[in-house]
Amino acid sequence: MTQPLPEEFTIQDDFPPVSYEQWRALVEKSLQGAPFDRELVTHTYDGIDIQPLYSRGDRNEATDPLGFPGLAPYARGSQPLGSAASGWDLCQEHRHPDLTATNRAIRQDLDGGASSLLLRLDCAARGGFDPDHDATEQLAGRDGVMAYGLADLESVLAGVDLQRVPVVTDAGASFLPAAAALIALWQRLGVPLHEARGAFCADPLAVLARNGRLPVSAQFSLELMADLAEWTAANLPHVRAVGVDTSPYHDAGASAAQEIACGLATAVEYLRAMTGAGMDVDRAAQQIQLRVSLGTHHFREIAKLRAARWVWFRVIEACGGTPESAALRIHARTGNRMLTQRDPHINLLRNTTAVFAAGLGGADSITSVPFDSMIGLPDEFSRRVARNTALVLQQEAHLHRVIDPVGGSWFLDQLTTQMADEIWAQFQEIESNGGMLSVLQSGWIACRINTVQESRARDIARRKVGITGVSEFPDINEERDVRPEPDIAALRVAASKRISASRRKAEINAVTSANRVDSLVQLASRGASIGQMAAALGFHSEEESVPALPSHRIAEPFEQLRDASDAWLALQGQRPRIFMANFGPSSHYTARLTWSRNFFEAGGFEVLDNGGFEDAAQAAEALAESGANIAVICSSDKLYPNVVPQAAAQLKGAGADQVILAGRPGADEAAWRSAGVDRFIFVECDVLETLRALLREQGVLQSETQTS
């Protein structure tokens, strides 16, 4: 007779509970003596250990320190409903020097789903110069829009509904003149100031960190920032004056905790300047937005955003501010550090990872970066794909529909807590060394960041940290994408004529400390240029300089080798070559052959693979016919004792200047070197330095300066 089915099923009938200790014992048994911490625990550059498994025991259920979404300490988001009600603010960046091209791109972005826009002014305007100034020959049109005043902004934003679309300006040291021009534009177009939306991104310390100089003293620049913040708080309720940008530290190689600690220490410098100018802590804190760069360590980036809000709450709490004013607004952007020039379409995946992390981490606004940003100005297609990357995640994957989608993850809650503790410790260390301005002036922070950068560079050089399409699985024959460069000289002439005509309409006198913002807005409305307003503020009369933080893209060292190979191909008609001397059945050499091909192609070598050879004489004959002078012996450890001595000698006799063995030599290194092996390549050897040395020996790299 058939037994009746039970009324309830429980998974525990077939899968009884297993304790962490039981699981750990089985894992350690399978590792066969290999250390658990080395094999399965990930160690971050902040010293945080990421375990392979998390459980309920990793969270204190009784006193959950992360709280609830929209409530202090805001680790789980600054809004109770997150982005579920309004969706993500997709803020797309524009830096084409041509005003007409920028306006066209802005309108395409807005029509295509962007909700706000960021205008990055060119290096001349960011430094407080007009395009016809003698100092701007190399600055005008570089890395930004050639907008130098009210009329230029009006051209760039023609057709944009400025009552609906927030406008963010990235004007470097010229944040106050640029803000004055935008305010004057709002007034000219009849936008009520209480309805204007956007941000001015005043951030003098980021300018100082990245460029190594400010056109005014740091203290005066902080004073200008405080003036703008106070005026903005009084007149523009939907605009933030201060935008603390972490990208100088991120691009210099900072760890996640270092980056946020630097950003929050900068924000504290700004709090001091604003409160010193008469603002209370709450109003000052609400003027600050944190602009964070994100990389491809998906979960780490999510934790970084959550921890940043948490630590900022602790800062404002310590300053005596209210919990409501401590809800930090975060703008997240894909970081330049991880983007590549080679195989740039893979940047689509990198950008997707960063945007995904930004959304799950609770960023208030997100910039999705075009995949071709590192090879030139993005085209219409790449900008469209960048927009749609965020829109697909939002409108098709519905990521914004869930309030704090990572909340309750034992792993991410634990990582957030560890990250917050590390950020707090590093923030306190910066404060104990005099604050952010002081550590920039002394070079202390540059040394600390460089220590992390050197560690990361070693991991990249050894391919412990792989870069797909560059150091791993490169396409040696890829067709390089080319983006046409605009005619900067012609654009500079046109901009100079525009600005020269408008400048004649404005009488410029030195701007006093009283009502600086009102005075500059009036000047801007009369046609004063950014250069004129900067001069009226005293730019370039007293400058500030510090050791600049260098920018590092992680792919650059390998891309330099590929560039050298391309130049050699153009000059010689072929790339430097590697001859693979594979021995034995394919099962003995295929794995090492694939690994070795990636190894050498990462340096721009053409790898010649002739299948497997039965003996050394056959391999030597094939080498002589190939024309290559570098041979790689490739087989299994089992066959090497019989293969290597004869193969090395005969390959050298057939014309190999270098004989390389794929694999660790172990105790046989001395014997095999005496047989003719010059180098050994293996997992975690210094891939980058090996490739550099080989390219120098081939004449492809002429000096150290080409790889510096």
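General observations
- Which numbered condition A179 fails, given (1) of a type in the set (A, V, I, L, M, F, W, C); (2) at positive phi; (3) outside any strand (DSSP E or B): (2)
- Listed by first and then second residue, the pairs linking a residue in segment 438-462 that is under 14 Å from Q426 (Cβ atoms) to a residue that is of a type outside the set (F, W, Y) and surrounded by fewer than 16 Cβ atoms within 10 Å (Cβ to Cβ), with Cβ atoms under 7 Å apart and 6 or more places separating them unless they lie on different chains, are V439/N433; W444/N433.
- When residues of segment 212-239 are limited to those that are more than 12 Å from F175 (Cβ to Cβ) and either basic (K, R) or assigned to a strand (DSSP E or B) (or both), the one nearest to the chain's Cα centre (by Cα): R213
- Condition met for E542 (farther than 19 Å from D132 by Cα, assigned to a helix (DSSP H, G or I) and out of contact with any strand residue (DSSP E or B) (no Cβ under 7 Å at 6 or more places or on another chain)): no
- Residues satisfying the stated conditions in segment 521-553, i.e. under 23 Å from N235 (Cβ atoms) and in contact with a Pro (Cβ under 6 Å, 6 or more places away or on another chain): I530, M533, A534
- Only a single item in (1) outside any helix (DSSP H, G or I); (2) more than 25 Å from S382 (Cβ to Cβ) is not met by A151, and it is number (1).
- Checking each residue in segment 466-494 for being within 17 Å of P378 (Cα to Cα) and in a loop (DSSP other than H, G, I, E, B) picks out R480, D481, V482, R483, P484, E485, P486, D487.
Condition check ((1) under 22 Å from F599 (Cα atoms); (2) touching a strand residue (DSSP E or B) at 6+ places or on another chain (Cβ under 7 Å); (3) not assigned by TED's automatic domain parsing to the domain that holds I633) across all residues:
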| position | (1), (2), (3) |
| --- | --- |
| P645 | no, no, no |
| A648 | yes, yes, no |
| G653 | no, no, no |
| I660 | yes, yes, no |
| W672 | yes, yes, no |
| G676 | yes, yes, no |
| R679 | yes, yes, no |
| E684 | yes, no, no |
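- The residues of segment 533-559 that are crowded, with 18+ Cβ neighbours inside 10 Å and more than 19 Å from the chain's Cα centre (by Cα), listed by number, are M533, A534, A535, A536, L537, F539, E544, V546.
- Residues in segment 587-597 that are polar (S, T, N, Q) and out of contact with any strand residue (DSSP E or B) (no Cβ under 6 Å at 6 or more places or on another chain) were compared, and the one that is surrounded by the fewest Cβ atoms within 10 Å (Cβ to Cβ) is S587.
- Filtered by the rule that a residue be over 24 Å from Q698 (Cβ atoms) and out of contact with any helix residue (DSSP H, G or I) (no Cβ under 9 Å at 6 or more places or on another chain), segment 590-624 gives T590, A591, E614, Q618.
- Near pairs, Cβ below 8 angstrom, 6+ apart or cross-chain, from segment 369-398 (on the phi > 0 side of the Ramachandran plot) to any residue that is assigned to a loop (DSSP other than H, G, I, E, B) and not small (G, A, S): G376/V482; G376/R483; G376/P484; G376/E485
- Screening Y74 with (1) surrounded by fewer than 21 Cβ atoms within 10 Å (Cβ to Cβ); (2) closer than 20 Å to V292 by Cβ; (3) among the hydroxyl-bearing types (S, T, Y) gives one miss only, at (1).
- A202 under 26 Å from the mean Cα position of the chain (by Cα), farther than 22 Å from V167 by Cβ, touching a residue at least 40 places away in the same chain (Cβ under 8 Å) and surrounded by 18 or more Cβ atoms within 10 Å (Cβ to Cβ): no
- Taken together, the residues in segment 348-373 that are hydrophobic (A, V, I, L, M, F, W, C), over 19 Å from G113 (Cα atoms) and crowded, with 20+ Cβ neighbours inside 10 Å amount to 2.
- None of A581, A548, A514 is farther than 24 Å from D122 by Cβ, of a type in the set (A, V, I, L, M) and at pLDDT 95 or above except A581.
- N450 being part of a loop (DSSP other than H, G, I, E, B) and surrounded by fewer than 19 Cβ atoms within 10 Å (Cβ to Cβ): no
- Screening T275 against (1) among the polar types (S, T, N, Q); (2) crowded, with 24+ Cβ neighbours inside 10 Å; (3) over 17 Å from the mean Cα position of the chain (by Cα) leaves a single unmet condition, (2).
- Test for N351: is it outside any loop (DSSP other than H, G, I, E, B), under 17 Å from F299 (Cα atoms), touching a residue at least 24 places away in the same chain (Cβ under 8 Å) and of a type outside the set (A, V, I, L, M, F, W, C): yes
- Of everything listed in (1) in contact with a helix residue (DSSP H, G or I) (Cβ under 8 Å, 6 or more places away or on another chain); (2) in a helix (DSSP H, G or I); (3) at pLDDT below 95, the single unmet condition for G407 is (2).
- Applying the criterion of being part of a helix (DSSP H, G or I) and under 13 Å from the mean Cα position of the chain (by Cα) to the residues of segment 292-308, the residue that is farthest from Q418 (Cα to Cα) is H298.
- The number of residues in segment 493-521 being in contact (Cβ under 8 Å) with a residue 24 or more places away in the chain and surrounded by 13 or more Cβ atoms within 10 Å (Cβ to Cβ) comes to 15.
- Scanning segment 116-133 for residues that are more than 15 Å from A534 (Cβ to Cβ) and out of contact with any Cys (no Cβ under 7 Å at 6 or more places or on another chain) yields L119, R120.
- Residue check, G263 surrounded by fewer than 23 Cβ atoms within 10 Å (Cβ to Cβ) and among the small types (G, A, S): no
- Number of the exception - V311 against (1) in a helix (DSSP H, G or I); (2) out of contact with any helix residue (DSSP H, G or I) (no Cβ under 6 Å at 6 or more places or on another chain): (2)
- One residue stands out among those in segment 661-690 that are of a type in the set (F, W, Y) and in contact with a Leu (Cβ under 7 Å, 6 or more places away or on another chain): the one that is nearest to N629 (Cα to Cα), which is F680.
- Residue among S373, S438, S382 that alone is polar (S, T, N, Q), farther than 30 Å from T690 by Cβ and not in a helix (DSSP H, G or I): S373
- Lone qualifier among A457, A528, A564 - being crowded, with 21+ Cβ neighbours inside 10 Å, under 30 Å from F599 (Cβ atoms) and of a type in the set (A, V, I, L, M): A564
- When residues of segment 20-72 are limited to those that are of a type in the set (K, R) and under 29 Å from G362 (Cα atoms), the one modelled with the lowest pLDDT: R59
The values are calculated or read from the model by the stated rules, or taken from the named source; none is laboratory data. The structure displayed is predicted, hence computed values, not measured ones. Because the Cβ atoms are built from the backbone with ideal geometry, glycine has one as well, and the counts that use them run over all protein chains shown.
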